[in-house]
1. Do you know which of the residues in segment 42-61 that are over 15 Å from the mean Cα position of the chain (by Cα), assigned to a loop (DSSP other than H, G, I, E, B) and not hydrophobic (A, V, I, L, M, F, W, C) is nearest to F8 (Cα to Cα)?
2. Inside segment 23-48, can you point out the residues that are surrounded by 10 or more Cβ atoms within 10 Å (Cβ to Cβ) and hydroxyl-bearing (S, T, Y)?
3. Given the conditions (1) surrounded by 10 or more Cβ atoms within 10 Å (Cβ to Cβ); (2) touching a residue at least 24 places away in the same chain (Cβ under 8 Å); (3) outside any helix (DSSP H, G or I); (4) not basic (K, R), and given that A10 satisfies all but one, which numbered condition is not satisfied?
4. For segment 25-41, state whether one or more residues are in a helix (DSSP H, G or I) and more than 16 Å from the chain's Cα centre (by Cα).
5. Consider A20 carefully, then state whether it is within 16 Å of the chain's Cα centre (by Cα), of a type outside the set (D, E, K, R) and either outside any strand (DSSP E or B) or surrounded by 10 or more Cβ atoms within 10 Å (Cβ to Cβ) (or both).
6. Out of the residues in segment 62-80 that are part of a helix (DSSP H, G or I), among the β-branched types (V, I, T) and exposed (fewer than 10 other Cβ atoms within 10 Å of the Cβ), state the one that is farthest from the chain's Cα centre (by Cα).
Amino acid sequence: MAKAIGAFEAKAQLSRLLRAVEKGERFTITVRGKPVADLVPTGGGSAASCLAAAEAMRAFPRVRGISDWSVAAFVTEGRS
């Protein structure tokens, strides 16, 4: 989970934050308490974590008995 940090503090401690991000920490930068950006390690993750995420998505239960048209209608209805 990312730690929240205010924009002013992030600016003042950018070097320290970057060293922490190199070690794998994550930060959410906020302005007036609202999240506006994430400071995360580059690359997104290892191949193993990507494969694990893909397997988790494949294992997610599928909705059965509803046509694609019905799902599209539900989505459209929710947008109005």
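Any read-out appearing in this document is the output of simple, stated calculations on the displayed coordinates, not a laboratory observation. Small disclaimer: the values here were computed from a predicted structure and weren't measured. Quick reminder, even Gly has a Cβ in these numbers, built from the backbone with ideal geometry, and neighbours come from all protein chains shown.
1. In this case the residue turns out to be S46.
2. Step one: filter segment 23-48 for residues surrounded by 10 or more Cβ atoms within 10 Å (Cβ to Cβ), giving 25-31, 35-41, 45.
Matches in segment 23-48: T28, T30.
3. Result: A10 fails condition (3) only.
4. Filtering segment 25-41 for residues in a helix (DSSP H, G or I) gives none.
No, segment 25-41 contains no residue that is in a helix (DSSP H, G or I) and more than 16 Å from the chain's Cα centre (by Cα).
5. Values: within 16 Å of the chain's Cα centre (by Cα): no; of a type outside the set (D, E, K, R): yes; either outside any strand (DSSP E or B) or surrounded by 10 or more Cβ atoms within 10 Å (Cβ to Cβ) (or both): yes.
The answer is no for A20.
6. To start, the set of residues in segment 62-80 that are part of a helix (DSSP H, G or I) comprises 68-79.
Cutting the leftovers down to among the β-branched types (V, I, T) gives us 71, 75-76.
Filter once more, keeping what is exposed (fewer than 10 other Cβ atoms within 10 Å of the Cβ): 75-76.
Numbers: V75: 22, T76: 25 Å.
For segment 62-80, the residue satisfying everything is T76.
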